[in-house]
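Visitor: Take a look at the following structure, please.
Taken together, the values in this text are just the output of simple stated rules run on the coordinates, not laboratory data. Quick caveat, the model's predicted, so the values are computed rather than measured. We place every Cβ from the backbone using ideal geometry, glycine too, and count neighbours over all the protein chains shown.
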Amino acid sequence: MSNPIENLKQKILKSFNISLLKEFQNRLNFPINDGRLKYFNYDYEFSSKCFFALEMGLDNNKHFDILDISCGMGYFSYICKSLGHRIISTDIEDPVYDEPLRKIFGIEKLIFEYPNDPWRFKALPENIGTFDAIAALSVVPMSFWEQKDWNLFIEDSMNHMNINGILYIRPNSSKGLEQLKSLAPKSIHYKKHTNDYVLFIKR
């Protein structure tokens with residue numbers, strides 16, 4: 001039986017330079033028990049991010065404007081770009097990773113700083129534009145958010161989304177997932193959730 005996730009992953013991997021990623025990993029020379037090594041498991045990372053892309057319907061031959069919040073290594077952004085979407089990738093500055101990952105994934109990252117409390121909600125820049133899809137996948141600060149942070153995030157995201165736009169959130173905690181499931185802003189006409197993620201669609 002055909003596996004859509006595997007099919008999409010193999011399609012994406014045809015254009016991805018695995019040797020460059022391995023060279024970068026070797027230069028970093030992490031100890032064998034270093035938790036950061038998991039981010040270099042490109043097979044797993046692409047599989048999980050392809051699942052998210054399919055759940056969001058990003059393989060439907062339409063070209064979307066997409067915002068990837070806290071893009072990390074850049075796997076999800078790379079998939080979006082490979083599928084023909086226009087992607088804006090945001091994250092905090094990382095002098096060790098930023099330049100090598102730009103060369104490996106071809107992603108220009110918009111630096112998103114947290115000048116005050118890094119664990120609280122921060123609004124998107126006013127001039128960042130509007131999007132057909134916004135993805136927030138395992139964003140570390142979200143693990144510490146309270147209900148008010150989620151309320152502000154949903155409201156702010158909706159202000160930067162086009163009509164029928166998709167907001168896809170995969171929290172880092174079961175607490176965050178439960179808080180999200182309880183939300184029902186007036187601007188949302190559809191909400192889907194599983195044990196891992198919540199998907200909103202703007203009216």
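Visitor: Quickly work out the Asp43-to-Asn26 label distance, labels modelled 7 Å from Cα along the C-beta direction, and quote it in nm with one decimal.
Guide: Result for the modelled spin labels: 1.9 nm.
Visitor: Next question. Kindly provide the helix-only [θ] at 222 nm of the chain, computed as the sum of -39,500 (n - 2.57) over DSSP H runs of four or more divided by all residues, to the nearest 500 deg cm²/dmol? Present the calculation step by step, with values, prior to reporting the outcome.
Guide: Numbers: 7 runs with 72 residues, N = 203.
Dividing the helical sum by the residues of the chain leaves -10500 deg cm²/dmol.
Visitor: Using a simple charge model, +1 on the beta-carbon of Lys and Arg, -1 on the beta-carbon of Asp and Glu, nothing else, what dipole does the stretch 57-202 show about its Cα centre, in debye to the nearest 20?
Guide: 560
Visitor: With a/c under 1.5 counting as rounded, go ahead and sort the stretch 89-173 into rounded, prolate or oblate using the C-alpha gyration tensor (a ≥ b ≥ c being the square roots of the eigenvalues; past the cut-off, prolate if a/b is larger than b/c, else oblate). Numbers along the way, then the final one.
Guide: Values: a/c = 1.77, a/b = 1.27, b/c = 1.40.
Here the stretch 89-173 falls in the oblate category.
Visitor: Continuing with the same structure: Using +1 at the C-beta of Lys and Arg and -1 at the C-beta of Asp and Glu, which of Pro171, Ser143, Leu58 has the Cα lying farthest in the positive direction of the dipole of the chain?
Guide: The one lying farthest along the dipole's positive direction is Leu58.
Visitor: Now a separate question. Answer rounded, prolate or oblate for the stretch 57-202, using the Cα gyration tensor with square roots of eigenvalues a ≥ b ≥ c: rounded when a/c is under 1.5, else prolate when a/b is larger than b/c, else oblate.
Guide: oblate
Visitor: Can you list the aspartates and glutamates whose alpha carbon is less than 13 Å from that of Lys148, not counting same-chain residues fewer than 8 positions off?
Guide: Reachable aspartates and glutamates: Asp156.
Visitor: Across the chain, where is the longest run that never hits GluC sites (Glu not before Pro) in a DSSP loop with at most 15 other C-beta atoms within 10 Å?
Guide: 1-92
Visitor: Among Ile128, Gly74, Met161, whose Cα lies farthest out toward the positive end of the dipole of the chain, if unit charges sit on the beta carbon of Lys, Arg (+1) and Asp, Glu (-1)?
Guide: Met161
Visitor: From the Cα gyration tensor of the stretch 1-90, with a ≥ b ≥ c the square roots of its eigenvalues, which class applies: rounded if a/c is under 1.5, or else prolate if a/b is larger than b/c, or else oblate?
Guide: It comes out prolate by the Cα gyration axes.
Visitor: Distance in nm between label sites at Lys62 and Ser174, each 7 Å beyond Cα in the beta-carbon direction?
Guide: In this crude label model, Lys62 to Ser174 measures out at 3.5 nm.
Visitor: Calculated FRET efficiency, Trp119 and Asp34, Cβ-Cβ r, R0 25 Å, to nearest 0.05?
Guide: About 0.60, to the nearest 0.05.
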